[in-house]
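The values are calculated or read from the model by the stated rules, or taken from the named source; none is laboratory data. From a predicted model like this one, the values you see are computed outputs, not experimental measurements. A quick note on method: Cβ atoms are made from the backbone with ideal geometry, for glycine too, and the neighbour counts reach across all protein chains shown.
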Amino acid sequence: MKFVPRWLVLATALIPAVAPTTAQAQGLPTTGSIDSRLGKLDLENGYPTAATAEKVFDNIDYQRACQAYLWALPLMAMQQWQNEHLTKFEAGKCDYVDYLTFQDKLGLLTANATTPYIMAFPNLQETGPLVFEIPAGATAGGFTDFWQRPITDSGQTGPDKGAGGKYLILGPDDEDLQPEGYYVFRSPTVNIWSAHRALDPDAAKARALIDGLKIYPYSQREKPSPTRHVSPNGRKWSGMQPRGLAYWEGLAKIINEEPVHERDRMILGMLQPLGIEKGKPFRPTQRQKQILEEAARVGEVMARTIAYDKRFEGATVWPGKHWEISLFLKETNQEAPHHTQFDERTSWFYEAVGVSIGMMGRTVGFGQLYLETAKDRDGKWLNGSHTYHLQVPKDAPVAQFWSVTV
């Protein structure tokens, strides 16, 4: 009997099974071209030609950059606003900036004209655990991480229920602390946003609430320094995400400051060929700059389309009308049961800033609900050269305030 090596038998058995399956799955010529939305792609002996490889890699990096632009919108709003505090207002990271007048708020996405806003952007790695004192009274707000996911509400929709109190916020790597007399929470990011509104209609009482907001390191709790409150004082500023290469410069900077979260590892891997990598300086080549700058422009068009031409099922409030729910996240952590709400958070964080439990419209008597329209009653886009009439029914069910922002 003739001896046949076992490896030869296995090879003979496997080849017919693998080769046809691969060819059927790919549907590609061994040598030839295919037409695609990238143009003509050429193959020689099964391999991409040099020109095709260059074209494919350019498109891979461009597509990844467009999606990374959308992914980073909530983070980049925070990074931009923190930078404006430091550079335009000369405010420290533990200083509050008080946005009181219409002029003060011109850089703030979708702020209403009447409510005072009080904001700070501390870095917990620089300060250690921080204490935030919230005064008793009609305040709304809280604390978010730099992805704008709430750490906790404060004031009327927070655990103090409007009675005021001390909130202790720990950083990602701080030791556990549970001191008596504090509401204790931990931030998953190093940088955080402390955001509050004074809702008392009495101007003097509202001013007292603003002055009662304090920040200081827990290590200095026995003798804290006074909290500094800074005014924009007419200075021009912008809380919108930066455009062009500045978007990616800011993103590279904040990625180097923040811990990597499991849900973001895939996107960070996609950014690496574009010159953005944690632990390394951002020094893009001319090719990378061109791709990133175009992706920032097209990415913004994508964000604008997702936000203003919503395709979310259930976003329309009334049949036959064009009013939509602006904040269409299922939960404030931006997560649905089986996925992250990528488009829904893109829509909100391109148009607006901030999320809290109170902003989800679930607390009767407190909190807020946000509706919007970008179209007139005939379904045509709103046009700044036209005059429109907004009809508000008599006795609108509003407990504290309502406003219209254009």
Residue in segment 179-202 that is surrounded by the fewest Cβ atoms within 10 Å (Cβ to Cβ), counting only those that are under 27 Å from the mean Cα position of the chain (by Cα) and hydroxyl-bearing (Ser, Thr, Tyr): Tyr183
Failed condition for Ile210, given (1) in a helix (DSSP H, G or I); (2) touching a Phe, Trp or Tyr at 6+ places or on another chain (Cβ under 7 Å): (2)
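Let's see how each residue does on (1) in a helix (DSSP H, G or I); (2) buried (at least 16 other Cβ atoms within 10 Å of the Cβ); (3) touching a residue at least 12 places away in the same chain (Cβ under 8 Å); (4) over 18 Å from the mean Cα position of the chain (by Cα):
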| site | (1), (2), (3), (4) |
| --- | --- |
| Gly250 | yes, yes, yes, no |
| Ile255 | yes, yes, yes, no |
| Asp264 | yes, yes, yes, no |
| Lys278 | no, no, yes, yes |
| Gln290 | yes, no, no, yes |
| Ala295 | yes, yes, yes, no |
Members of segment 90-112 that are in contact with a helix residue (DSSP H, G or I) (Cβ under 7 Å, 6 or more places away or on another chain) and farther than 25 Å from Lys253 by Cα: Asp98, Tyr99, Thr110, Ala111
The listed residue being on the phi < 0 side of the Ramachandran plot, buried (at least 22 other Cβ atoms within 10 Å of the Cβ), at pLDDT 95 or above and charged (D, E, K, R), out of Asp176, Asp160, Asp145: Asp145
Gly92, sole failed condition from (1) crowded, with 22+ Cβ neighbours inside 10 Å; (2) closer than 19 Å to Gly212 by Cα: (1)
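Okay, residues lined up against (1) farther than 30 Å from Lys223 by Cβ; (2) touching a strand residue (DSSP E or B) at 6+ places or on another chain (Cβ under 6 Å); (3) free of Cβ contacts under 8 Å to residues at least 12 places away in the same chain; (4) part of a strand (DSSP E or B):
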site: Phe89; (1), (2), (3), (4): no, yes, no, no
site: Gly92; (1), (2), (3), (4): no, no, no, no
site: Thr110; (1), (2), (3), (4): yes, no, no, no
site: Ala113; (1), (2), (3), (4): yes, no, no, no
site: Ile118; (1), (2), (3), (4): no, yes, no, yes
site: Glu126; (1), (2), (3), (4): no, no, no, no
site: Val131; (1), (2), (3), (4): no, yes, no, yes
site: Gly137; (1), (2), (3), (4): no, no, no, no
Residue that is within 29 Å of Pro159 (Cβ to Cβ), basic (Lys, Arg), at pLDDT below 85 and within 28 Å of the chain's Cα centre (by Cα), where the choices are Arg362, Arg345: Arg362
